Each structure stands twice: as C-alpha cells, then as structure tokens.
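Taking it in order: structure first as structure tokens, then the write-up.
Values in this text are rule-based calculations from the coordinates and carry no lab data. Because the structure is predicted, anything quoted here is derived from the model rather than measured. Positions of Cβ are generated from backbone atoms using ideal geometry, with glycine treated the same way; all protein chains shown enter the neighbour counts.
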Amino acid sequence: MDIRFLCDSNLGKLSKWLRILGYDTLFDRGDADQCFILKAGREGRIALTRKRNLGGDSGRLIVVKADRVEGQIGEVMEALSIKPDPKDRMTLCLRCNAKLKAAVKADVEETVPAYVYQNCTDFRKCPDCGKIYWPGTHPRRVDEYLRTRIPTRPL
C-alpha cells in the first residue's frame with residue numbers, strides 16, 4: 001500500500017487498526033503541532049489528528065472528528081476514498097509497524113505457547129522487535145469487528 005499515516009497521541013487505537021488493515025502507520029506520542037505536520041510531510045505521510053486548530057496542507061492532514069475508533073476508521077477511509085484490501089490485513093507488526101516475515105515453525109517453538117505450537121503451522125515474525133504472530137482467532141475477529149462496527153463502509 002502506498003498510503004502512509006502518522007497518528008497523533010490521541011489516536012492510538014486508530015493507529016493500531018490502520019496497521020491491522022495493512023497501512024504503514026506511525027504513532028507519535030508527542031503533541032500534534034506544526035512539527036508533527038512537518039514530520040508527516042517529510043516522510044510522505046498523511047497526518048491524522050483530533051486537534052481542530054492545526055493548519056496545514058489539507059491533502060496531507062485529516063482532522064478526525066469521531067470519538068470512537070470504529071467511526072474514526074470509516075472517517076479516514078471516506079476522506080481518502082479508499083477501501084483496504086483484505087489481503088493486506090495483519091501484515092504489519094502491531095507493536096512497531098515493521099512488515100512481518102514468514103517464520104519457520106521450528107524456530108518459534110520456544111517463544112509461543114505449547115498449544116499454539118502444536119495446532120498452528122503459519123507463523124510470522126517481526127524482523128525489528130521479534131514479536132511472533134499466528135492466525136488463531138484474530139483474522140475472524142477482525143473481519144467480524146469491521147463488518148459489525150463499521151456497517152456504513154464495508155471493508
């Protein structure tokens with residue numbers, strides 16, 4: 001995906017969900033200000049904030065109005081006229097935003113629960129922070145969450 005985001009400190013849940021959807025999304029713990037907007041611009045990112053008093057290039061800044069993440073996701077998708085591709089879901093590390101890599105099952109034996117190791121065959125590892133991911137019930141729960149909580153924008 002070529003759309004990249006920078007979320008301010010008020011949009012932590014949104015940044016996580018954008019990563020789940022496969023969008024390269026950084027979370028900035030600082031206050032959204034002109035430096036925040038400049039950082040987004042330098043990195044080719046769209047700045048997402050809840051601060052209504054920020055000025056800037058309207059094409060590179062979205063002021064998110066919704067209070068809850070389910071509304072925020074739909075608001076961003078609508079503002080940019082985009083629809084996430086389901087094949088991109090869960091391809092980024094939720095912790096650090098790196099692209100996940102396939103992991104050999106034998107290499108993760110010591111790092112995942114025994115039950116998971118016995119019952120799963122598909123593992124992914126973050127090359128930056130080392131976090132291990134496996135399908136489990138997450139893909140189904142993500143699909144259900146998106147289907148039931150964001151009915152106006154089917155994803």
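Please tell me the relative contact order of the chain in percent, rounded to the nearest whole number, where contacts are Cα pairs under 8 Å and at least six residues apart.
It rounds to 20 percent for the chain.
For Asp122 and Lys16, what does the FRET efficiency come to when R0 = 22 Å and r is the distance between their Cβ atoms, rounded to the nearest 0.05? Don't jump to the answer; show the numbers that get you there.
Numbers: r = 21 Å, r/R0 = 0.98.
E(calc), rounded to 0.05, equals 0.55.
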- Note on the structure: Taking a crude spin-label model, label points 7 Å out from Cα along the C-beta direction, the Ala79 to Arg29 distance in nm is 2.4
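Please give the calculated 222 nm ellipticity per residue for the chain, where each DSSP H segment of at least 4 residues contributes -39500 (n - 2.57) and the sum is spread over every residue; nearest 500 deg cm²/dmol? List each step's numbers first, then the result.
Numbers: 5 runs with 48 residues, N = 155.
Helices in the chain give a 222 nm mean residue ellipticity of -9000 deg cm²/dmol.
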- Filtering trypsin sites (Lys or Arg not before Pro) in the range 40-111 by DSSP loop and by at most 12 other Cβ atoms within 10 Å leaves Arg52, Lys65, Arg68
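Under the rule that an exposed site lies in a DSSP loop and has at most 16 other Cβ atoms within 10 Å, name the longest stretch of the chain with no GluC sites (Glu not before Pro) of that kind, not counting the sites themselves. If you can, show how the numbers build up before the last one.
Working: sites that count: Glu43, Glu109, Glu110.
The answer is 44-108.
Normalise the Cα radius of gyration of the chain by 2.2 N^0.38 Å (N = residues in it) and let me know the number. Spell out each step's value before the answer.
Working: Rg = 16.8 Å, N = 155, 2.2 N^0.38 = 15.0 Å.
Expressed relative to 2.2 N^0.38 Å, the Cα Rg reads 1.13.
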- Note on the structure: Here, Cys96 and Ile132, labelled 7 Å along Cα→Cβ, have an inter-label distance in nm of 1.7
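If you take the beta carbon distance between Asp107 and Arg141 as r and set R0 to 22 Å, what does 1/(1 + (r/R0)^6) give as a FRET efficiency, to the nearest 0.05? Intermediate values should be presented prior to the final figure.
Values: r = 26 Å, r/R0 = 1.19.
Working from the Cβ atoms, E equals 0.25.
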- Task: Mind jotting down the distance between the C-alpha centroids of the range 1-61 and the range 109-145, whole Å?
- Result: 28
- Message: Compute the angle between helix 69-80 and the longest alpha-carbon principal axis of the chain, please, reported from 0 to 90 degrees and rounded to the nearest 10.
- Response: 60
- Query: Between Ala66 and Asp88, what FRET efficiency follows from the Cβ-Cβ distance if R0 is 35 Å, with the result rounded to 0.05?
  - Reply: 0.95
- Give, to the nearest whole percent, the P(r) tail of the range 101-149 beyond 13 angstrom, counting all Cα pairs. 59
- Message: For a quick check: with amide H placed at 1.01 Å from N, whose amide H comes under 5 Å from Ala47's, ignoring anything fewer than 5 positions away on the same chain?
- Response: Leu6, Leu61, Ile62
- Range of Cα positions in the range 4-88 per principal axis (Å), largest first: 34, 26, 23
